[in-house]
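Here the structure is laid out as structure tokens; the discussion comes afterwards.
FYI, it's all coordinate maths here, none of it is from the lab. Note that the coordinates shown come from a computational prediction; the quantities given were computed from them, not determined experimentally. Methodologically, a virtual Cβ is constructed for each residue, glycine included, from the backbone with ideal geometry; neighbour enumeration extends over all protein chains shown.
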């Protein structure tokens, strides 16, 4: 299969997720991505260790680094800046989610890059964007969750709750990849590069937009109800004899299926439950009834009965149960990829986009520390002697 971004070179100066996964998506679509990191390995290389002794390259890096080449470089040294200049001249895109002051110090801000290559595209992810009173603040995924209203709405009994998975980071990464692809198309049409800006805060605001809209218009001042929905019902998690299930009902037809499930059609004529919002406003009553129904059954029995009436539901799974689930295997979402020091390979998640004419699969593992430094430096015109000298002085 032809890869849509074949021939595009991306320099990945990102850290953790928002920048690196943006570059990973571009690599999955065929771009040549070069991961540039610190001489001794950047911090994100060691997150989530996968060995019992807690050493070696971590799971986060292996997921973010697949399909990439890797070099080490210190761009704060003048010789390192020259390497950056040579790299940028060969590149189409630079991806970075570092603070703007750091980008300027490294010569990676848009104006500096544009001076090197006129049509370069810089995709820059930050916490709060490059404007406003918070523009210089640093932070991670959780800050977006906390400051968007979503942690408040996910809480219960006044205690806010953060989602364990870094969805703000991944959303920002995907926004960055989308913006980059649009910028590449713009460049193809006009010859112009541009700055693509994304932020954790912006991504979180997007996800919480409907709740913010409701608050702005109606000032309801909602409080969190954990897993229980506030705009429909039944919408909650319920304990069974041997586990938990999630049920999500939205719209009158699904509510009718629920009444059929429990054999009580009187709910349909009750004035408290005529619209989704009315059902959401009284969802504690619906949840109490559904909790009783689920408590009388095993998880398997409850899901089988709900599937029979086509009511959306699913078991609340542990990570081990997810790994053993037949749907995961059927969709081929995990791929065992060989990596030095890990017998049998490491299960990485494929890009969950499947295309009939474009190959988006994992092609090769993440690079070991500095694995491709010599090859790329030679390509940039450095001799073996020069590379050895730069290495001795910890420039590369």
Next item on the list: Distance between Cα centroids, the range 171-193 to the range 1-22: provide it in whole Å.
Entry: 12 Å
Next item on the list: Please work out how much length the chain gains when fully extended from residue 274 to residue 4, using 0.36 nm per residue of separation minus the C-alpha to C-alpha distance, in nm with one decimal.
Entry: 92.3 nm
Margin query: Quick check: Cα centre of the range 51-123 to Cα centre of the range 335-396, how many Å?
Written below: 14 Å
Margin query: What is the ratio of the Cα radius of gyration of the range 1-160 to 2.2 N^0.38 Å, with N the residue count, to two decimals?
Written below: 1.15
Item checked: Fraction of beta bridges assigned by DSSP in the chain that are antiparallel (%, nearest 5) -> 40 percent
Notebook entry, point to check: What nm value, rounded to one decimal, do you get for the distance between residue 378 and residue 47 when each label is placed 7 Å out toward the C-beta?
Noted result: 3.4 nm
Margin query: Can you tell me the length gained on complete extension of the stretch residue 76 to residue 361, counting 0.36 nm per residue apart and subtracting the Cα distance?
Written below: 99.1 nm
Check: Taking 0.36 nm per intervening residue step and subtracting the Cα-Cα distance, what contour gain separates residue 318 from residue 162 on full extension?
Finding: 54.4 nm
Note to self: Among 131, 264, 52, which one shows the highest mean-square fluctuation when the chain is modelled as a Gaussian network with alpha-carbon springs under 10 Å?
What the structure shows: 52
Item checked: Rough spin-label spacing in nm, given labels placed 7 Å along Cα→Cβ, for residue 307 and residue 206 -> 3.4 nm
Check: Could you give the distance between the Cα centres of the range 207-230 and the range 232-306, to the whole Å?
Finding: 21 Å
Note to self: Restricting everything to alpha-carbon atoms, can you work out Rg to Rh for the range 235-316 with a Kirkwood hydrodynamic radius?
What the structure shows: 0.94
Next item on the list: Compute the Rg to Rh ratio over the chain from the alpha carbon atoms, using the Kirkwood formula for Rh, and round to two decimal places.
Entry: 1.05
Margin query: Using the basic label-point model (7 angstrom from Cα toward the beta carbon), what is the residue 282 to residue 219 distance in nanometres?
Written below: 2.8 nm
Notebook entry, point to check: Order of 365, 228 from fewest to most other C-beta atoms within 10 Å?
Noted result: 228, 365
Checklist line | Dimensionless Rg/Rh of the range 110-176 - Kirkwood Rh, Rg from C-alpha atoms | finding: 1.13
